[in-house]
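Novice: One structure, as C-alpha cells, below. Some questions next.
The values are calculated or read from the model by the stated rules, or taken from the named source; none is laboratory data. It should be emphasised that the depicted structure is a prediction, and the values quoted were computed from it without experimental measurement. Cβ coordinates were reconstructed from backbone atoms using ideal geometry, including for glycine residues, and neighbour counts include every protein chain displayed. The accessibility values were calculated without ligands, DNA or RNA, using every heavy atom of the protein model including side chains. Shrake-Rupley method; radii C 1.70, N 1.55, O 1.52, S 1.80 Å.
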Amino acid sequence: MNALQATNRNFRHAARILGLDSKLEKSLLIPFREIKVECTIPKDDGSLVSYVGFRVQHDNARGPMKGGIRYHPEVDPDEVNALAQLMTWKTAVADIPYGGAKGGIGCNPRELSNSELERLTRVFTQKIHDLIGIHTDVPAPDMGTNAQTMAWILDEYSKFHGHSPAVVTGKPIDLGGSLGREAATGRGVVFATEALLAEHGKQIKNMTFAIQGFGNVGYWASKLIHEKGGKVVAVSDITGAVTNPNGIDIQELYKHKESTGSLVNFQGADDMDPNELLVHDCDVLIPCALGGVLNRENAGSVKAKFIIEAANHPTDPEADEILSKKGVVILPDIYANAGGVTVSYFEWVQNIQGFMWDEDKVNTELQRYMTRAFHNIKNMCKTHDCNLRMGAFTLGVNRVARATLLRGWEA
C-alpha cells in the first residue's frame, strides 16, 4: 500500500469515526489547486534542458498552505498529493494556522551543478510566484533541497513582490531563518517521546532506543536522547549499522561518520546487519528514514514496546494491525515528526513581526506545542475509543472540517 492509499484510508476511517457528511468528506479530499509548469534552463555546456515542476495546494481552510519542495528524479504526482494532504492534517494536529501543500521538480540534484540548480530554482519561482505568498502558500525545504534553495526562492520572489522573508521557511539564519530550525524535527520527536513515556509512567532516562536513519532527524533525536540519559543501543543508515548494549556515544559516532563517510568500523560499537535494527532488542524503536519499513514480514518480530514514527509513513497498515495486537504503542508520524513544521511556523511568525527570538524561546515554545498536541490526541482517543493514530487523524480532520463548515464553503 503506497502513501496515498494509506493516507486516504486513514482519512476515511477518521471521517467515519467523526460521522462526517459524505459531501464534506469528498470536498476535504480534493486538492484546492494543482500546478504543473515547464522549467527550461541552459545547462553549463550551453544546451537547453526542460524539467517539470509542480505544486499541489491541498487545503487553505485554516490558513496559508504549507509544505516542502523536493528535487528528486521520481517525483510521483500521487505521492505529492498524499504528502500535501498529510500536511493539512499534520498542521491541524499541531494546531498551527496552516493548510497543506507539497511540490517539487522532477530532476536529479546530484547531476546538476550549483549554478544549474540556482537557474532551475529561479525559473520555477518565476513560474509560480503569483500562486505562492506569505498569506497564500509558504514553501520549505524537502528531499534534495536546503536552506540555499530557499534563499534563491526568496530572492527571486522578492524581485516581483518586494522583500518578503516570510514567503519561505527553512532559510539561512542571515536571511531571516529561525534559530533552532535545524534541530527542530529531531527535538520535536524527543518531546513527543517524553510526552508518550510520561503517560506510561516512564522517562527517557535508562530506557533503550534503536534508531533507523542517521540524517538530520536521526542525528538530533539520538543526540538529545543520549544527553537526557537514554541508552541508544543501535543506529543504522544506508552505510550500515552499529550496536552496543551499553549505549553508543552519539557525538563520537557522528565524528566517525563525518570523517569516514560511514557508520561501520566505529570503535565504540559492533557492526550489525542493518535489517536487524527494526527487530533489535530495545524499549523504543524510532524509524527516521524511509516509508514502509515496518511491514507484515518483520512486524511480528519487533521487540520494542514503543514505536515513534519520525519518518513519514514507516509502518504500513498490515504491520499496524500486527503490532497493535502485540500491544506495541505506535506514536503516529502525523504528530511525532511535526516539530519541523511547528518551528517553520515560528520562523514565519518572527519574519512577519520583524522580531527574532532566541533559541531558548524557540525550544520552549516547541515543547509547549508538542506536549499540548499529545494531550489533545489522548482526549480524542478517549472520546472515540481509538488508538493514537486514529486519535491524531480524528483531531486533525475534525479541526479542518470545522473550519470548512464555519467558512460556509460546503454549501
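Novice: Between Asp385 and Asn246, what is the spin-label point distance in nm, taking each point 7 Å from the Cα along the Cα→C-beta axis?
Specialist: 5.0 nm
Novice: Okay, next question. Once each part is reduced to its C-alpha centroid, what is the distance from the stretch 173-203 to the stretch 337-402 in angstrom?
Specialist: 11 Å
Novice: Please report, as a whole percent, how much of the solvent-accessible surface of the chain comes from carbon and sulfur atoms (probe radius 1.4 Å).
Specialist: 49 percent
Novice: Under a point spin-label approximation (7 Å from Cα along Cα-to-Cβ), what is the Asn275-Arg110 distance to one decimal in nm?
Specialist: In this crude label model, Asn275 to Arg110 measures out at 2.3 nm.
Novice: A further question follows. Where the centre of each part is set by its Cα atoms, how far does the stretch 247-267 sit from the stretch 27-54, in angstrom?
Specialist: 39 Å
Novice: Mind checking which lysines have their C-alpha under 25 Å from Lys255, skipping anything on the same chain fewer than 8 residues away?
Specialist: The reachable lysines, counting only those whose Cα sits under 25 Å from Lys255, are Lys205, Lys223, Lys228, Lys231.
Novice: Quick one: which of Lys90/Lys325; Lys102/Lys171; Lys303/Lys378; Lys36/Lys127; Lys90/Lys127; Lys305/Lys325 span more than 19 angstrom between C-alpha atoms?
Specialist: From Lys90/Lys325; Lys102/Lys171; Lys303/Lys378; Lys36/Lys127; Lys90/Lys127; Lys305/Lys325, over 19 Å: Lys90/Lys325; Lys303/Lys378; Lys90/Lys127.
Novice: How big is the dipole moment of the chain about its Cα centre under a simple scheme where the beta carbon of each Lys and Arg is +1, that of each Asp and Glu is -1, and everything else is neutral? Debye, nearest 20, please.
Specialist: With only Lys, Arg, Asp and Glu charged at Cβ, the dipole is about 1380 debye.
Novice: Turning to a different aspect of this structure: Say we join alpha carbon atoms closer than 10 Å with springs in a Gaussian network model of the chain; which of Arg12, Arg389, Arg33 then has the biggest fluctuation?
Specialist: Arg33
Novice: For a label point 7 angstrom out from the Cα of Asp21 toward its Cβ, which stretches of the stretch 376-411 have the backbone nitrogen within less than 12 Å?
Specialist: 402, 404-411
Novice: I need the GluC sites (Glu not before Pro) found in the stretch 1-92, filtered to DSSP loop residues with at most 15 other beta carbons within 10 Å of theirs. Don't jump to the answer; show the numbers that get you there.
Specialist: Numbers: sites: Glu25, Glu34, Glu38, Glu74, Glu79; in loops: Glu74.
When the GluC sites (Glu not before Pro) of the stretch 1-92 are filtered for loop state and at most 15 Cβ neighbours within 10 Å, Glu74 remain.
Novice: Could you tell me the calculated FRET efficiency between His375 and Lys202, based on Cβ-Cβ distance and R0 = 22 angstrom, to the nearest 0.05?
Specialist: 0.85
Novice: Ok, one more. For Phe355 and Lys127, FRET efficiency with R0 = 41 Å and r from the beta-carbon atoms, rounded to 0.05?
Specialist: Using R0 = 41 Å, I get an efficiency of 0.80.
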